[in-house]
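Notes for the one structure printed next.
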Number of protein chains: 4
Amino acid sequence: MNNLLVLIQCKDSVGLVTNITRVLAQHQLNIIAMREFVDEVEQKFFTRIECSGIVENHSSLKLELLNNLPAAADVYLVPKAEKNIALLVTKEFHCLADILVRATFKTLGANVKCIIGNHEILKEFAEKFDIPFFFVSHEDKSKADFENEIASVLSNYQLDYIVLAKFMRILSPDFIAQYSNKIINIHHSFLPAFIGANPYKQAFERGVKIIGATAHFVTNNLDEGPIISQQTIHVNHTLDAKQMAVAGREIEKAVLSKALEQVLEDRVFVSGNKTIVFE
Amino acid sequence: MNNLLVLIQCKDSVGLVTNITRVLAQHQLNIIAMREFVDEVEQKFFTRIECSGIVENHSSLKLELLNNLPAAADVYLVPKAEKNIALLVTKEFHCLADILVRATFKTLGANVKCIIGNHEILKEFAEKFDIPFFFVSHEDKSKADFENEIASVLSNYQLDYIVLAKFMRILSPDFIAQYSNKIINIHHSFLPAFIGANPYKQAFERGVKIIGATAHFVTNNLDEGPIISQQTIHVNHTLDAKQMAVAGREIEKAVLSKALEQVLEDRVFVSGNKTIVFE
Amino acid sequence: MNNLLVLIQCKDSVGLVTNITRVLAQHQLNIIAMREFVDEVEQKFFTRIECSGIVENHSSLKLELLNNLPAAADVYLVPKAEKNIALLVTKEFHCLADILVRATFKTLGANVKCIIGNHEILKEFAEKFDIPFFFVSHEDKSKADFENEIASVLSNYQLDYIVLAKFMRILSPDFIAQYSNKIINIHHSFLPAFIGANPYKQAFERGVKIIGATAHFVTNNLDEGPIISQQTIHVNHTLDAKQMAVAGREIEKAVLSKALEQVLEDRVFVSGNKTIVFE
Amino acid sequence: MNNLLVLIQCKDSVGLVTNITRVLAQHQLNIIAMREFVDEVEQKFFTRIECSGIVENHSSLKLELLNNLPAAADVYLVPKAEKNIALLVTKEFHCLADILVRATFKTLGANVKCIIGNHEILKEFAEKFDIPFFFVSHEDKSKADFENEIASVLSNYQLDYIVLAKFMRILSPDFIAQYSNKIINIHHSFLPAFIGANPYKQAFERGVKIIGATAHFVTNNLDEGPIISQQTIHVNHTLDAKQMAVAGREIEKAVLSKALEQVLEDRVFVSGNKTIVFE
């Protein structure tokens, strides 16, 4: 199979689909699946096109597409190369394990290049899967030093995404700025409810009947980045905060996996503080 | 059938279930279904017991139960009488219609005695069902006057519950205090997210992937009362705020109906700012 | 707004999207939303395109599209006219009521032209909504006579769809053949489980932990037509068959409404014994 | 904590709860949580009672309970000992991995004593977790010989349950009879739909809009045993049979884990071909 994946976002205008598909047809590319969306508020156009066919010269195809699109269009021909990710963890195993199992059986859609933990507790488990685990403690050092150590480890790898798989430290705007739209977090509530620390304790105290989990890109504001995926489950009066946390694990790992699948298959566009997800 | 429903809440202590069931057995009452819950934080005990048998004297049974329970216990022998409710509405039809249809076909578990609308738009619809509709405008008068008019209408009926079926005015603490734990509201978000006005607009702007609805008892603080039932549905980037509102109607009416069913079957205890729901 | 909705299904081939969008562009039609699907097993192509613009001559646009498509393509330019439906019912109110309420408040997307019941029990309710109700008993007559009477009533209306809203009689192949892909049924199980009579009784006896509902087009084989929409809810050991039926009502009406919405918005293609639903 | 878990099932009669709770009170046992259910069709009573307190002599407590219950009652005082399970697998990793991860982090509620695979493909993975893996091929031997080899491995362990974690061979009635109500299977459909082989292929060909998974006890009839837990997810026309299988993995592992949790916490009673699950 010689499939090509084309992602485009640009200012909306008349005839975009015709222009794009004509260029693809001229290159003998056949459209297998095409999704598009127009954000009418922002007047923006997004499309994800899977084609079959052989493209000798990606640069010239890209140039031709740009010539047929409004100024400042963003055209991305997704390379064939496998994607690489790093995982940041603290103490909880469930998201980490879920990702490592998928990676082991080649169903993740990415290679896990390394794991960084600010506790050592998951090191032994990670090593079962032959993934390098780096213990970077946050104790007895400044946040800047802590983050520099993390960045130093990450710099050894060509990474497409950094996944906070229940990493319980807040990263600084400076750190985040280095990886714009490349850091994915799982938050243990249905945002925007229960922002910040101890969401299950907050949920218990409020007496909610549903709890949730949210996977989102990380931006400067805590738990405020573009949401990729969310899920909820029913709870009742018999669960205390700790039991809610146990029940919540199941959706945390499910939501994070779903979000990773969508991101790694290049189905997610970020637009302002929102995402467009072509499922 | 001579079923009796017994609701008890009291301070927790050793032997409560034994004491209660012994008293019931002495009255030749057979337990059909029994649910109990101990709130270990608050040290409170709750039970809901369905019995079969004939009780000549409710007062003496109640007294005997109280004699076998800790001080300040709350014992409630649910009377056979049908429950009565009033509905407060504004412009939206979906919750009102769902309740009226159930009432018409005797599946609501209560009689709808009257409907009060601060707009007249639903009057014609309500009258199809032969329920008195009172138009009480909020315009050109103080909130106190507006609420006094409502209270005046309500005072003509023996009401068990007042249901805010998309009633878009905020009631004052004084009004609410007259109907403690008797007012049920449907809020069009998964509380505590998006408290207050325009939750769908808030949801759209935040770019959430789930929206929700919450049925709760009304207390002094807006959208802060004990939650009875909640439900969520998935949304995506293609829905604007208005389309989210349309999609949300389906769960608003479903959640309100579910909550009413639970309340009207005496399955819901209020404890502080939470509910215990014996489903 | 001068929106045009174009539905096309044809044999799959290279360049279809380009050809179609080029024709639309030549007519100054701008694509607002486009969905397409290729059934690779059947080698069939399906698309649903919403355009904005003014088309003077629908026939010539259709002809031009056909000229640019493989032989035997099916091109449908959806007319602006409101759709009309008829409802067939027996004794249960919940699906009927849900549809009538939506129709009353203009959120159904169709006019309900008439209701035919093989019992009279829902007549009074239907008449609240000023829809003609025809009582056509199935008793003391042959199935052919029964169906001829129904067909005779239906023939008085220009109908787009006939909705079996809990109509508990099995229609003959002859009757169904008159309304190919135009009859929509709600079956009270998650097909293909529990085909036929008394699905809740079957579900109770099997001890399932979920029950479901299925909306489908009606074909010759009982409960075997193309599925449009399905939904399930959790049940447990405390529900008997009758209580399952009560719980099931909620999803029956929700699934039927969802299916009707999708059909009435021309989002559903039938292909063999399956549907393609562009949500 | 000195908690005691008491499970009772017997013929229903008047005063059972009183009798049982009186005996527990006489032993200074305080009831923490009690669930009961009366199967009115079968006239059977089931209860699960968590008590706190110290019981010197389990046998005498049990005897006393039996003396206060109808003839042929089944009283079970759950021992404190950790439960042990064995896993049977074929080629698919997802259920196996989910269980092993939980066992590793002590959240499964049981020890995995051994894994038996009729293929060798999962051996390397299993050994990461230091659980003995036995390869017992089904090839070139009779079913009786195959099952005898499995039974021989199992006989080395004191096992509470045998979990078929995507074990794709059908076990004989003789084998199953040795482990009555002790074998738990995950079936990759919402039973009773799509019994037998290739349920996802069946689901694809039927064009369903939901797929499901079912965890059940194994009895003589294929896929016919008492259902413990079920779950469904939505699918659409874009998924072929293989993609449905991939999507189905997520609920297969979730349902099996949920069922195991319920069984291992002694929340599940088997009654005829059904289960009572006290959640």
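FYI, it's all coordinate maths here, none of it is from the lab. These numbers come from a predicted model, not from an experiment. A quick note on method: Cβ atoms are made from the backbone with ideal geometry, for glycine too, and the neighbour counts reach across all protein chains shown.
Karplus couplings for the range B:131-139 from phi (6.51 cos²θ - 1.76 cosθ + 1.60, θ = phi - 60°), rounded to Hz, Gly and Pro as x?
Per-residue couplings from phi come out as 10, x, 10, 10, 8, 10, 6, 8, 7 Hz.
Which of the trypsin sites (Lys or Arg not before Pro) found in the range B:1-83 are in a DSSP loop and have at most 11 neighbouring Cβ atoms, other than their own, within 10 Å?
When the trypsin sites (Lys or Arg not before Pro) of the range B:1-83 are filtered for loop state and at most 11 Cβ neighbours within 10 Å, B:80 remain.
Using a 7 Å offset from Cα along the direction of the beta-carbon, what are the separations from residue B:139 to the same position in each other copy, nm, ascending?
5.4, 6.8, 8.3
Considering the dipole of chain A built from charges on the beta carbon (Lys and Arg +1, Asp and Glu -1) around the Cα centre, which of A:38, A:268, A:257 is farthest to its positive end?
A:257
Have a look at the protein assembly as shown and give its Rg and Dmax from the Cα atoms, expressed in angstrom.
31.2, 93
Along the range D:28-34, what does the Karplus equation 6.51 cos²θ - 1.76 cosθ + 1.60 (θ = phi - 60°) give for ³J(HN,Hα), rounded to whole Hz, x for Gly and Pro?
With the stated coefficients, the range D:28-34 comes to 6, 8, 9, 7, 8, 8, 9 Hz.
Can you pull out the GluC sites (Glu not before Pro) in the range A:1-75 that DSSP calls coil and that have at most 13 other Cβ atoms within 10 Å?
A:40, A:42, A:56
Any idea what the relative contact order of the range A:158-279 is, in percent, if you count C-alpha pairs under 8 Å spaced at least 6 apart?
After rounding, I find 23 percent.
If you average the sequence gap of Cα pairs under 8 Å that are 6 or more apart and divide by the length of chain C, what percent do you get for the contact order?
Computed over chain C, the figure is 14 percent.
Among A:44/A:80; D:11/D:274; B:258/D:209; D:123/D:166; D:201/D:242; B:123/C:128, which pairs are too far apart, with a Cα-Cα distance over 19 Å?
The pairs that break the limit, which is 19 Å between Cα atoms, are A:44/A:80; B:258/D:209.
Which far-off residues, 5 or more places away or on another chain, put their amide H under 5 Å from the one on residue D:134, with H placed in the peptide plane?
D:115, D:116, D:117
Once phi is turned into θ = phi - 60°, what whole-Hz ³J(HN,Hα) does the Karplus curve with 6.51, -1.76 and 1.60 give for every residue of the range B:157-169, x standing for Gly and Pro?
10, 8, 10, 8, 9, 10, 10, 8, 9, 6, 8, 9, 10
Estimate the FRET efficiency between residue C:33 and residue D:156 by the formula 1/(1 + (r/R0)^6), using the beta-carbon distance for r and 60 Å for R0, to the nearest 0.05.
The value I calculate is 0.45.
Tell me the label-point distance for the pair residue C:141, residue B:84, using the 7 Å Cα-to-Cβ offset, in nm and rounded to one decimal.
4.6
So who's got an amide H within less than 5 Å of the one on residue C:191, skipping anything under 5 residues away but keeping other chains? H placed 1.01 Å off N, in plane.
C:214
Label points 7 Å out from Cα along the Cβ direction at residue C:63 and residue D:205: separation in nm?
Each label point lies 7 Å from its Cα, and together they span 4.5 nm.
Treating only the Cβ atoms of Lys and Arg (+1) and Asp and Glu (-1) as charged, compute the dipole magnitude of the range A:83-277 about its Cα centre; round to the nearest 20 debye.
The dipole magnitude comes to about 480 debye.
Can you run the Rg to Rh ratio on the range B:83-277? Use alpha carbon positions and the Kirkwood inverse-distance Rh.
Here Rg/Rh amounts to 0.95.
Under the rule of at least 5 residues apart or a separate chain, name every residue whose amide H is placed under 5 Å from the amide H of residue B:223.
Long-range HN contacts for residue B:223: none found.
Please work out whether the range D:72-144 counts as rounded, prolate or oblate from its C-alpha gyration tensor, where a ≥ b ≥ c are the square roots of the eigenvalues and a/c under 1.5 means rounded, while otherwise a/b larger than b/c means prolate and anything else oblate?
Taking the square roots of the gyration eigenvalues as a ≥ b ≥ c, the range D:72-144 is oblate.
Nothing charged except the Cβ atoms of Lys and Arg (+1) and of Asp and Glu (-1): what's the magnitude of the dipole of the range B:90-134 about its Cα centre? Round to the nearest 20 debye.
160
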